[in-house]
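Q: The structure that follows is given in the form of structure tokens.
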Amino acid sequence: QSALTQPASVSGSPGQSITISCTGTSSDVGGYNYVSWYHQHPGKAPKLMIYEVSNRPSGVSNRFSGSKSGNTASLTISGLQAEDEADYYCSSYTSGSTLLVFGGGTKLTVL
Amino acid sequence: EVQLVQSGAEVKKPGESLKISCKGSGYSFTSYWVAWVRQMPGKGLEWMGIIDPGDSDTRYSPSFQGQVTISADKSISTAYLQWSSLKASDTAMYYCASMGRGSYGMDVWGQGTTVTVSS
């Protein structure tokens, strides 16, 4: 069981917007602005898409945006494209000895 | 180009030891932490631990504490993940990644090392 809860799957049609949630507690997501999002295509290494809740690394499309409300962080992808189909993972800093936790991952299907 | 290059795939027997590596290039290796992440076949990402290559300060996920050892040699910009006695359940893909100090985002990833443990 992952420390952060994500939906197992989401889907959307090209051009639409989708949102993936990531729910934790006040000890991780809710307590710190250190939520990151990654996507991973099959057989590939993960890629950082969002860090510190809402910041995009250089080179990441502005179709990707992040936000947080309480203990839940969200990743929104607008203008969905076929290449967005991948697994998406959130992570958060957490207090205590663990330091970092991942969500269980969400499979995004572009219909 | 900033990159992390990991050592090649390994096939081992239960009980054997193993050390895999992750070499950084194109950036100041000691300016970023190095994290290790496990991905078992068909499963999600699991954070294993992190090392500061500058002083070798290490933190482990409780799930991996005592099961693996993370180390680094800053003179050759290389981090390591090692096992003293492998189990079949260690079969997985292992990724290293650089983590920005204070951001906790892993921005550069190695290509992954597949470890297969089978008798």
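Read-outs: derived from the displayed coordinates by stated rules, not from any lab. This is a predicted model, so every value here is computed, not measured. All Cβ positions, even for glycine, are placed from backbone atoms using ideal geometry, and neighbour counts span all protein chains on display.
Q: Find how much the distance from residue A:16 to residue A:107 grows on full extension, using 0.36 nm per residue of separation minus their present alpha carbon separation; answer in nm with one decimal. Before the final figure, lay out the partial values.
A: Details: separation 91, 0.36 × 91 = 32.76 nm, distance 1.63 nm.
Result: 31.1 nm gained on full extension.
Q: Using only the alpha carbon atoms of the protein assembly as shown, find the Kirkwood hydrodynamic radius as the inverse mean reciprocal pair distance, in angstroms to one decimal. Don't skip to the answer; put the middle values down first.
A: Numbers: mean 1/r = 0.0558 Å⁻¹.
Result for the protein assembly as shown, one decimal place: 17.9 Å.
Q: Using 10 Å bins from zero, what percent of all Cα-Cα pairs in chain A falls into each bin?
A: P(r) for chain A, in whole percents per bin: 16, 50, 29, 5, 0.
Q: Take the alpha carbon atoms of region B:1-32, find their center, do the same for region A:12-90, and report the distance between the two centers in whole angstrom.
A: After rounding, the separation between the Cα centres reads 27 Å.
Q: Write down the percent of antiparallel bridges among all DSSP beta bridges whose residues are both part of the protein assembly as shown, to the nearest 5.
A: On the way: 68 of 77 bridges.
Rounded to the nearest five, the antiparallel share is 90 percent.
Q: Where nothing but the Cβ of Lys and Arg (+1) and of Asp and Glu (-1) is charged, how large is the charge dipole of chain B around its Cα centre, in debye to the nearest 20?
A: With Lys and Arg at +1 and Asp and Glu at -1, about 260 debye.
Q: Among A:25, A:82, A:54, whose Cα projects farthest towards the positive end of the dipole of region A:20-103, with charges put on the beta-carbon of Lys, Arg (+1) and Asp, Glu (-1)?
A: A:54
Q: Residue by residue through region B:77-85, which ³J(HN,Hα) values in whole Hz follow from phi under the Karplus form 6.51 cos²θ - 1.76 cosθ + 1.60 (θ = phi - 60°), with glycine and proline marked x?
A: 6, 10, 10, 9, 10, 9, 10, 8, 8
Q: If you don't mind, there's one more thing I want to ask. What translational diffusion coefficient, in µm²/s and rounded to a whole number, does the Stokes-Einstein relation yield for chain B at 25 °C and a viscosity of 0.890 mPa s, taking the hydrodynamic radius as the Kirkwood radius over Cα pairs?
A: Value of D from the Cα-based Kirkwood radius: 173 µm²/s.
Q: Tally the DSSP beta bridges in chain A and give the antiparallel ones as a percent, rounded to 5.
A: If I count the DSSP bridges inside chain A, around 85 percent turn out antiparallel.
Q: For region A:1-86, which chymotrypsin sites (Phe, Trp or Tyr not before Pro) pass both filters: DSSP loop (anything but H, G, I, E, B) and at most 15 other C-beta atoms within 10 Å?
A: Answer in residue order: no site qualifies.
Q: On the Cα set of region A:65-111, report Rg and Dmax in Å, please.
A: 13.1, 41
Q: Right, here's the next one. Taking N as the number of residues in region B:57-119, what is its alpha-carbon radius of gyration divided by 2.2 N^0.38 Å?
A: 1.24
Q: Give me the inter-chain shielding for A:50-61: mean count of other chain Cβ atoms within 10 Å, whole number please. Please report the intermediate quantities before stating the final value.
A: Numbers: counts 1, 7, 5, 0, 0, 2, 0, 5, 1, 0, 0, 0.
Across the residues of A:50-61, the mean count of other-chain Cβ atoms within 10 Å is 2.
Q: Something else about it: Dipole magnitude of the protein assembly as shown about its Cα centre, charges +1 at Lys/Arg Cβ and -1 at Asp/Glu Cβ only, in debye to the nearest 20?
A: Result for the protein assembly as shown is approximately 200 debye, rounded to the nearest 20.
Q: Could you tell me which of B:94, B:76, A:16 has its Cα farthest along the dipole of the protein assembly as shown towards the positive end, charges placed at Cβ (Lys, Arg +1; Asp, Glu -1), taken about the Cα centre?
A: Highest projection toward the positive end goes to B:94.
Q: What is the packing order of peptides A:84-90, B:72-78, A:72-78, B:83-89, taking the mean over residues of other C-beta atoms within 10 Å and listing the highest first? Can you show the working numbers first?
A: Working: A:84-90: 22.7, B:72-78: 15.9, A:72-78: 21.0, B:83-89: 13.3.
In decreasing order of mean packing, A:84-90, B:72-78, A:72-78, B:83-89 become A:84-90, A:72-78, B:72-78, B:83-89.
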